[in-house]
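Any read-out appearing in this document is the output of simple, stated calculations on the displayed coordinates, not a laboratory observation. Nothing here was measured: the structure is a model prediction, and the numbers come from that model. A quick note on method: Cβ atoms are made from the backbone with ideal geometry, for glycine too, and the neighbour counts reach across all protein chains shown.
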Amino acid sequence: MSSNIVAMRKIVQQLRLEAGINRVKVSQAAADLQQFCLQNAQQDPLLTGMSSSNNPFRPQKVCSFL
Amino acid sequence: MGEMEQLRKEADALKDQITAARKAVQDTTLEEAAAGVAVVGRVQMKTRKTLRGHLAKIYAMHWATDSKLCVSASQDGKLIVWDSITTNKVNAIPLKSSWVMTCAYAPSGNLVACGGLDNMCSIYNLKGKDGNVKVMRELAAHTGYLSCCRFISDTEIITSSGDCTCILWDIETGTQKTSFAGHQGDCMSLAVSPDFSYFISGACDFTAKLWDIRDGNCRQTFAGHESDINAIGFFPNGQAVITGSDDATCKLYDLRADQELITYQDSSIMCGVTSLAPSLSGRLILAGYDDFNVNIWDSLKAERVGALAGHDNRVSCIGVSADGMACCTGSWDSFLKIWN
């Protein structure tokens, strides 16, 4: 049996699988993405920025009592 | 009509069916839906640390889940595990093959992996009894270069290869559990879903594919890019996929709507995307380009809101730490930089 036909059968089988999935409306998908972003915005340090006292990568000037 | 002819007709009909089904749910666009959201203000990040030590191009980096340690791979033939806060090298692991293209940190922190032109994925145990880091397994079966690898656990890892397939391995036995075939071009990158049940792959056939890890099936295929996809990542809620391509654009595909929702592009950007990572909320997408820069995109508005300039050569890899506090870039200039 030609390997081209075997390959083509697999392609058709895969397309059948992909054609059969349920799809959600873009309005719903977009709303959910937006909601996730906005709900988590305050917990996103790269988005909100951070003070140097909260930034583990920023060395703190240490004050010591002599 | 011969069977081949029949199959071709059926394939075309199915492709038309998929296109129609996608259009049928396209009641709006992300652009329209997000019209009421203000663009993020200008994002400015500074280099907080520079990790120096590699002697040649850095090809890959991956954060450990503790958001402190990270591993990098360079064609100087070394894997280095760094403490990103102190900039100390925790481990410097010499590799058998210096042609390394990818590296990964296991979620447990116990193992790291790498691979490249040797077509193998080598697993290293960082927590060996005598303190020495040794090769624990060499996973060999791919017939092409290893482009990417990601751990599911200490016992399972997924690899992508220039042989157009991805493989799920059993690390303990060193054998293949599942092979994921379907791409028509080199697989360049992969990412695992936050719940570890799916992974996505980007390839030189210009498509991204979503795979079910357990049953080995490709669930969805996303087209639209006009050149190789070099970088891929999940949106943090696991419901969308972000890709970066040689066509100079990044795209966001929604898994549930089964289609592209938006493209991140600018007429002034004409070079390929090498790497990408979303911020913790997904609102920012950081993408590394061939022109030595990283561009920061507002994911909902598709506007460029910042850039990271500081490397003297191509940015080859980028990663945002698990706690979202920092972004790490790795470059062909041999340095890694930590930004926030």
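Checking the cross-link filter: which aspartates and glutamates have an alpha carbon closer than 12 Å to that of B:Lys129, excluding same-chain neighbours under 8 positions apart?
Of all the aspartates and glutamates, none pass the test against B:Lys129 - Cα under 12 Å, at least 8 places apart if same chain.
Give me B:Val90, B:Val192, B:Val112 sorted ascending by neighbouring Cβ count inside 10 Å, so fewest comes first.
Final ranking by Cβ density, sparse to dense: B:Val90, B:Val192, B:Val112.
Over chain B, what number does the Rg to Rh ratio reach, with both radii from the alpha-carbon atoms and Rh per Kirkwood?
0.97
Counting only helical runs of four or more DSSP H residues, what would the 222 nm mean residue ellipticity of chain B come to if each run contributes -39,500 (n - 2.57) and the total is spread over all its residues?
-2500 deg cm²/dmol
Between rounded, prolate and oblate, where does segment B:1-142 land on the alpha carbon gyration tensor, with a ≥ b ≥ c its root eigenvalues, rounded for a/c under 1.5, else prolate if a/b exceeds b/c?
Since a/c reaches 1.5 but b/c is at least a/b, the shape of segment B:1-142 is classed as oblate.
Fewest to most neighbouring Cβ within 10 Å: what's the order for A:Phe36, B:Phe151?
Taking fewest neighbouring Cβ atoms as first place, the list is A:Phe36, B:Phe151.
What order, most packed first, do the peptides B:99-107, B:255-263 have when packing is the mean number of other Cβ atoms within 10 Å of each residue?
Ranking, from highest mean packing down: B:99-107, B:255-263.
Any of B:Lys46/B:Lys68; B:Lys127/B:Lys177; B:Lys23/B:Lys209; B:Lys78/B:Lys251 with alpha carbons more than 27 Å apart? Name them for me.
From the list (B:Lys46/B:Lys68; B:Lys127/B:Lys177; B:Lys23/B:Lys209; B:Lys78/B:Lys251), the Cα-Cα distance tops 27 Å for B:Lys78/B:Lys251.
According to the square roots a ≥ b ≥ c of the eigenvalues of the Cα gyration tensor, what is the shape class of the protein assembly as shown, taking rounded for a/c under 1.5, prolate for a/b larger than b/c otherwise, and oblate for the remainder?
Oblate, since a/c reaches 1.5 and b/c is not below a/b.
Please state the shape class of chain A: rounded when a/c is under 1.5, otherwise prolate if a/b exceeds b/c and oblate if not, all from the C-alpha gyration tensor.
oblate
Averaged across the residues of B:295-301, what count of C-beta atoms belonging to other chains lies within 10 Å of each residue's C-beta?
2
Taking each residue in B:319-326, count the Cβ atoms of any other chain within 10 Å of its Cβ, then average. What number comes out?
Across B:319-326, the average partner-chain Cβ count within 10 Å equals 4.
Ranking B:Arg150, A:Arg23, B:Arg52 by Cβ neighbours within 10 Å, fewest first, what do you get?
Least crowded to most crowded, the residues run B:Arg52, A:Arg23, B:Arg150.
Before rounding to the nearest 500, sum -39500 (n - 2.57) across all DSSP H runs of length at least 4 in chain A and divide by the residue total; then give [θ] at 222 nm in deg cm²/dmol.
Result for chain A: -17000 deg cm²/dmol, rounded to the nearest 500.
Label-point separation (nm) for B:Arg219 and B:Lys96, each offset 7 Å from Cα along Cα-to-Cβ?
3.6
So for each of B:318-327, B:216-225 I average, over its residues, the number of other beta carbons within 10 Å; can you give me the resulting order with the highest mean first?
Ranked from most to least packed, the peptides come out as B:318-327, B:216-225.
I'd like the mean, over residues of B:239-249, of how many other protein chain beta carbons sit within 10 Å of each residue's own Cβ.
1
Taking the Cα centre of chain B as origin, work out the dipole magnitude from +1 charges on Lys and Arg Cβ and -1 charges on Asp and Glu Cβ, in debye rounded to 20.
Using only the charged Cβ atoms, the result is roughly 1280 debye.
Taking the Cα centre of the protein assembly as shown as the origin, how large is its charge dipole in debye, to the nearest 20, when only Lys and Arg (+1) and Asp and Glu (-1) carry charge on their Cβ atoms?
Once rounded to the nearest 20, the dipole reads 1120 debye.
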